[in-house]
1. So, how do all the Cα-to-Cα distances of segment 93-147 break down into 5 Å bins, in percent, from 0 on up?
2. Identify all lysines with a Cα-Cα distance to Lys78 below 17 Å; exclude those on the same chain that are fewer than 8 residues away in sequence.
3. Per residue of segment 139-144, in order, report the coupling 6.51 cos²θ - 1.76 cosθ + 1.60 (Karplus, θ = phi - 60°) as ³J(HN,Hα) in whole Hz, putting x for Gly and Pro.
4. Using θ = phi - 60° and the Karplus relation 6.51 cos²θ - 1.76 cosθ + 1.60, list the HN-Hα couplings for segment 103-110 in order, rounded to whole Hz, with x at every Gly or Pro.
5. Could you go through segment 126-132 in sequence order and give the Karplus-derived ³J(HN,Hα) for each residue, using 6.51 cos²θ - 1.76 cosθ + 1.60 with θ = phi - 60°, rounded to whole Hz, and x for Gly and Pro?
6. Magnitude of the Cβ-charge dipole of segment 54-156, K/R +1 and D/E -1, about the Cα centre, nearest 20 debye?
7. For segment 116-175, what % of the accessible area comes from carbon and sulfur atoms, probe 1.4 Å?
8. Work out the charge dipole of segment 66-124 with +1 on the Cβ of Lys and Arg and -1 on the Cβ of Asp and Glu about the Cα centre, then indicate which of Tyr74, Leu114, Gly102 is farthest towards its positive end.
Amino acid sequence: MNHYGSAYIKWFLHHNRKRLWTFLGVLLILFILPACMVEYDSYNEIMPMEWATILLMAGNMGLAMFLPIYLFQYLWKKRSCDLFLPLPMPKRQLFLIHYGLGLCLLGFPVLMFLIACGLREESRAFFPYLALFAFGLYIITLCTYSLYVFAVVKCNSLWDALIAVLSYALLQVLLAPMIEWMLSNVVEEVLVGGSSVTEFFPMRHIETLLSPILAC
């Protein structure tokens, strides 16, 4: 990264410092305060760590949806394009800076989750597993974020970006139960009914399509 890239990152963080501090304050209130103030009680409907886990999953997915719209909104405004695109840096570098800033912001909820786990005595014994879970969730969120970034940069307006992001999110919500239902039915037919997997999947056609790759 050249001098202009570093200067641009400093300018971006300074320009958005109020939003960043607000973002960190909200994370502290939602993750750290319940971990410090709520006492462990087996009769509680939602434990502090259960709340933190649900919040981490929902928050990361929400950030993965709307961070691309915020970070790449300059592409849809003529005034912003006139300001950002003539900067003395390649457009590729400008894209990578905004993309990398989104990845860093996605890591803050994971960091707060791990701090909250370390503050709770009942979760310290399972901290390695919780850290592995948080890392796996971050990888999934990274893939989802990248998909939304690809959709957003292809849009021509804010409304196009919102429709694209919500459509991708709806597709994921509908596709996952459908795949789970299909695979569960296939497994049940094979194990209980004595059917063959080839009755459900066209293995001959799949082998034909993959034959050039398998021959390498």
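The values are calculated or read from the model by the stated rules, or taken from the named source; none is laboratory data. All values derive from a computational prediction rather than experimental measurement. FYI the Cβ positions are ideal-geometry reconstructions off the backbone, even for glycines, and counts take in every protein chain you see. For the accessible areas, the whole protein counts, side chains as well, though only heavy atoms, and no ligand, DNA or RNA atoms are used. Shrake-Rupley method; radii C 1.70, N 1.55, O 1.52, S 1.80 Å.
1. P(r) over segment 93-147, rounded to whole percents: 4, 19, 24, 19, 14, 10, 6, 3, 1.
2. Lys91, Lys154
3. Running phi through 6.51 cos²θ - 1.76 cosθ + 1.60 with θ = phi - 60° gives 5, 5, 5, 4, 5, 5 Hz.
4. For segment 103-110, the Karplus curve yields 4, 5, 5, 5, x, 5, x, 5 Hz.
5. Per-residue couplings from phi come out as 9, 4, x, 5, 5, 5, 5 Hz.
6. I would put it at about 480 debye.
7. Roughly 76 percent, rounded to a whole number.
8. Of Tyr74, Leu114, Gly102, it is Tyr74.
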